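*Asks:* Starting off with a structure, shown below.
The values are calculated or read from the model by the stated rules, or taken from the named source; none is laboratory data. Predicted model, so just to flag it, every value in this text is computed and none were measured. Positions of Cβ are backbone-derived with ideal geometry, glycine not excepted, and every protein chain shown enters the neighbour counts.
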Amino acid sequence: MKSVCIFCGSKSGLRKEYTESAQLLGQLFVKNNIAMIYGGATNGLMGAIADTMMDAGGKVIGVIPKLIADRELAHKNLSELHIVSSMSERKTKMLELSDAFITLPGGVGSMDEMFEVLAFTHLGVNEKLVGILNVLGFYDSLLKYIDHAVTEGFVPERVKRQIIVETDPNTLLSSMGLK
């Protein structure tokens, strides 16, 4: 079984398509026997994809810092829940458990997590693929930034090649070789 880490919002955003895409991705994970690693919370897109997968009999592993778990945000209905001491430990555990990464719409936490994985790729520590589910063009500006950083010599082309961008969850899984 492949394990894919999802980075996504602890909020749902203003458009229903964000939640619908997260739920569809969760359904595809179950259909393709892919375990999901994620931040372990119940709220936002995080909760939507976890609930979808658990309801369909999928494997979901949450990794949540104690501080967040103590606020009663930890999902109680997961296959596994790892409670860690810090956000740094959370990211390390997610990297360790995952074969690949997919970023859905989200905020600064999602960007922090995705960019840490890409930084490890830049340093040659990690060669795992990073998928971006670009729902409704949510990441268009970010992708322009990455292209600009490559063009200006701040990011190696090989880091950009580790990023697979699609607008459809089914196509993303195919492009990443996960189905």
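*Asks:* Could you tell me how many of the residues in region 55-75 are touching a residue at least 24 places away in the same chain (Cβ under 8 Å) and over 18 Å from SER21 (Cβ atoms)?
*Replies:* Residues of region 55-75 touching a residue at least 24 places away in the same chain (Cβ under 8 Å): 56-65, 68-69, 73-75.
Going one step further and asking which of them are over 18 Å from SER21 (Cβ atoms), we end up with 57, 59, 61-65, 68-69, 73-75.
Number of matching residues: 12.
*Asks:* If I ask for residues that are under 20 Å from ASN170 (Cβ atoms), surrounded by fewer than 19 Cβ atoms within 10 Å (Cβ to Cβ) and touching a residue at least 40 places away in the same chain (Cβ under 8 Å), which ones from region 4-27 would you list?
*Replies:* ARG15, GLU17, LEU24
*Asks:* Further question on the same structure: Against the condition of a type in the set (Val, Ile, Thr), out of contact with any Asp or Glu (no Cβ under 6 Å at 6 or more places or on another chain) and either assigned to a strand (DSSP E or B) or without any contact (Cβ under 8 Å) to a residue 12 or more places away in the chain (or both), how does THR92 come out, does it pass?
*Replies:* Here the answer is yes, as THR92 does meet what is asked.
*Asks:* Can you tell me which of ASP112, ASP140, ASP99 is closer than 16 Å to MET176 by Cα and not aromatic (Phe, Trp, Tyr)?
*Replies:* Of the residues listed, the single one that is closer than 16 Å to MET176 by Cα and not aromatic (Phe, Trp, Tyr) is ASP99.
*Asks:* Would you confirm, using the coordinates I've provided, whether ILE64 is buried (at least 18 other Cβ atoms within 10 Å of the Cβ) and modelled with pLDDT of 95 or more?
*Replies:* Considered against the rule, which asks whether it is buried (at least 18 other Cβ atoms within 10 Å of the Cβ) and modelled with pLDDT of 95 or more, ILE64 comes out as yes.
*Asks:* Identify all residues within region 147-167 that are surrounded by fewer than 17 Cβ atoms within 10 Å (Cβ to Cβ) and not in a helix (DSSP H, G or I); write none if there are none.
*Replies:* GLU152, GLY153, PHE154, PRO156, THR167, listed by residue number.
*Asks:* Hey, could you check region 11-41 for residues that are in contact with a Ser or Thr (Cβ under 9 Å, 6 or more places away or on another chain) and in a loop (DSSP other than H, G, I, E, B) and say which is nearest to LEU97 (Cα to Cα)?
*Replies:* So, considering only residues that are in contact with a Ser or Thr (Cβ under 9 Å, 6 or more places away or on another chain) and in a loop (DSSP other than H, G, I, E, B), the one nearest to LEU97 (Cα to Cα) is GLY39.
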